[in-house]
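Let me begin by presenting the structure, written as structure tokens, before commenting on it.
Just so it is clear, none of the values below were taken in a lab; they were calculated from the coordinates. Because the structure is predicted, anything quoted here is derived from the model rather than measured. Because the Cβ atoms are built from the backbone with ideal geometry, glycine has one as well, and the counts that use them run over all protein chains shown.
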Amino acid sequence: MRSSPTFPSRQPTNVPATKISAKNQPTTLDHERALAATQQVRFIGAVDEVGRGALAGPITVGMTVIDIQSVSEFPQLRDSKLLRPETRVDLVPQVRQWAVAYGVGHSSAQEIDELGVTAALRLAGSRAAAQCCVAPEAILLDGSYDWLTAPEPDLFDLLADDREPVGLHLPVRTIIKGDMTCQAIAGASILAKVERDAIMVDLASSYPSFGWEINKGYATAAHRAAIVDQGPCDYHRKSWNLTSGANTAQGEATTKKAK
């Protein structure tokens, strides 16, 4: 059983995003090594999300933690969107063995409705981090925006001592399209996508009309038509515009990023 990690109290560092332009280049450990050298740390965490743009199902965040002193190259790791489903599944046990720690966290559709997408991402990321038996000392985060770092607490946060801790207090470096070139982020994306896909396939057996075994909760025409015909279920994000093209930019366009 994994013990609860104790995260170091490090001041978050706003590190400029690194932009990747070569879509088909192989993944490396260059970003992991660079961050470890810059922050003078050993354990690097990497984070990616899946399901941000879906109409139904959870937002899922994967995290891998690597030991920069002993990690080996794993060039087979690629952005999960570029891999066949069966290849992703086969890679999961290899990623778990390769990393010194890993975790996958979720925020439900209800939590997304209550908190908003950004806070729900942060909550799922915190849950993924809580599963890691080795605490990261700095984080590589896919994308251009740091949604993982805990915001400054307000008065309500200070009074609500029993609330689930949300967000990390670690140096975070965002990597644009990092899942295409950064091995640790690619590993996190694979863990997250395989787990979320399995959740949606399982839910599809109880809600067959929505086609979740195929669309995984995203905004396809058939999915929207089923919502119009039957209405949303408990796993739909009811604060979203589920039945018209008004949410297309938020849902379908984001699908390319959120997988």
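Would you tally the net charge around residue 147, using a Cβ to Cβ cut-off of less than 11 Å, leaving residue 147 out, and scoring K and R as +1, D and E as -1?
-1
Can you tell me the FRET efficiency between residue 34 and residue 241 if r is taken as the Cβ-Cβ distance and R0 is 35 Å, rounded to the nearest 0.05?
With R0 = 35 Å, the Cβ-Cβ based efficiency is 0.25.
Note down the net charge around residue 72, summing +1 for each Lys or Arg and -1 for each Asp or Glu among other residues with Cβ under 15 Å from its Cβ.
-2
Expressed as a whole number of Å, what is the distance separating the alpha-carbon centroids of segment 50-99 and segment 168-190?
10
Quick one: Karplus J couplings for segment 66-74, per residue in order, coefficients 6.51, -1.76, 1.60, θ = phi - 60°, nearest Hz, x for Gly and Pro?
Once θ is set to phi - 60°, the couplings for segment 66-74 become 10, 8, 5, 7, 10, 5, 10, 4, 9 Hz.
Using Cα pairs under 8 angstrom and six or more residues apart, how large is the relative contact order of segment 14-206, in percent?
Dividing the mean separation by the residue count of segment 14-206 yields 36 percent.
Among 143-149, 183-189, 25-31, how do they line up by average Cβ neighbours within 10 Å per residue, starting with the highest?
183-189, 143-149, 25-31
Please tell me which of these pairs span more than 19 angstrom C-alpha to C-alpha: 193/238; 81/193; 81/238; 177/238?
Beyond 19 Å: 193/238; 81/238; 177/238.
Can you tell me the relative contact order of segment 57-145? Whole percent, Cα pairs under 8 Å, sequence separation 6 or more.
42
By per-residue mean of other Cβ atoms within 10 Å, what is the highest-first order of 80-93, 199-212?
199-212, 80-93
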